[in-house]
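The values are calculated or read from the model by the stated rules, or taken from the named source; none is laboratory data. The model shown is predicted, which means the values in this text are computed figures rather than measured ones. Glycine also receives a Cβ, built like all others from the backbone with ideal geometry; neighbour counts cover every protein chain displayed.
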């Protein structure tokens, strides 16, 4: 059995063969998976959101399912439905596409809030309920949702309860000039199915290693200072919730693990903070970017990196 450093390096290296020039986003997506959380990617069409999701599902070795969200999509199209079996005169449950290890919720904000809410229980409790009966989802269960800009026709706001289920949010953005030239001129095209995948035992090794990552009292003090500032500074519409603090702690642990440490340091927290506050903190008055908000928090707390 290989050590966890080799496994992390394999996932990152194999992913970069297809998703070119986006190493930071690949690491953030892997950190989200390791922490047992879910990811929201907000960007325009055509910059590689779906490619990142498909690539990551393959290199981690997870069963992949994709749901294309549309304005006529129903909750039963996601979860499944009870149907009457005429052969034995009983009701049977037909599982929907949510019963997979890796779910891509593509263009999630093209569906209504009612349909989006079909994911709430699944993302929080790793199960779905229908007609009073609960069904456990496959483990691990990881959701990546893509979201189009609100300026586009036919998009809906995501409820705050739905947004809060996503640990991280980021944009891929356009590739750099160098990365785009490599994409355009590369003679060696990697097929996703040809990339190396982890097996079940290797996934469990990574999960067990994550459980061993330690965060000291100084890190917990930093997290609580961040919470207090966002709640009491009057700079934001709403402060960070306790759930957001738990997510920040877990993502920081995953970032430390990807950095091949078994303990969290302040720079781990600062590195992931902008992506956790991006869809949670809204500034009052002049709108600020996620990086500006994170820098504002860091500056006011005088956090020592």
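Summary table
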| read-out | value |
| --- | --- |
| Number of the condition not met by residue 44 [criteria: (1) in contact with a helix residue (DSSP H, G or I) (Cβ under 8 Å, 6 or more places away or on another chain); (2) surrounded by fewer than 19 Cβ atoms within 10 Å (Cβ to Cβ)] | (1) |
| Within segment 128-178, tally of residues that are at pLDDT 85 or above, within 18 Å of the chain's Cα centre (by Cα) and assigned to a loop (DSSP other than H, G, I, E, B) | 11 |
| Residue in segment 111-119 that is surrounded by 13 or more Cβ atoms within 10 Å (Cβ to Cβ), farther than 27 Å from residue 41 by Cβ and touching a residue at least 12 places away in the same chain (Cβ under 8 Å) present | no |
| Check on residue 259, under 30 Å from residue 159 (Cβ atoms) and either surrounded by 15 or more Cβ atoms within 10 Å (Cβ to Cβ) or in contact with a helix residue (DSSP H, G or I) (Cβ under 8 Å, 6 or more places away or on another chain) (or both) | no |
| Residue in segment 144-154 that is closer than 16 Å to residue 81 by Cα and in the same structural domain as residue 64 (by TED's automatic domain parsing) present | no |
| Boolean, residue 41 is in a strand (DSSP E or B) and in contact (Cβ under 8 Å) with a residue 60 or more places away in the chain | yes |
| Verdict on residue 235 being more than 30 Å from residue 61 (Cβ to Cβ) and surrounded by 13 or more Cβ atoms within 10 Å (Cβ to Cβ) | yes |
| Selection status of residue 201, surrounded by fewer than 12 Cβ atoms within 10 Å (Cβ to Cβ), under 27 Å from residue 52 (Cα atoms) and either in contact with a strand residue (DSSP E or B) (Cβ under 6 Å, 6 or more places away or on another chain) or touching a residue at least 60 places away in the same chain (Cβ under 8 Å) (or both) | yes |
| Filter pass, residue 49 being farther than 24 Å from residue 200 by Cα, surrounded by 19 or more Cβ atoms within 10 Å (Cβ to Cβ) and in contact (Cβ under 8 Å) with a residue 60 or more places away in the chain | yes |
| Residues of segment 64-95 that turn out to be assigned to a loop (DSSP other than H, G, I, E, B) and surrounded by 13 or more Cβ atoms within 10 Å (Cβ to Cβ), as a count | 4 |
| Helices (runs of 4 or more DSSP H) enclosed by segment 184-278 - at least 3 residues per element that are more than 17 Å from the chain's Cα centre (by Cα), at pLDDT below 95 and under 22 Å from residue 301 (Cβ atoms) | 217-232, 266-277 |
| Residue within segment 24-33 that is exposed (fewer than 14 other Cβ atoms within 10 Å of the Cβ), part of a helix (DSSP H, G or I) and within 19 Å of the chain's Cα centre (by Cα) present | yes |
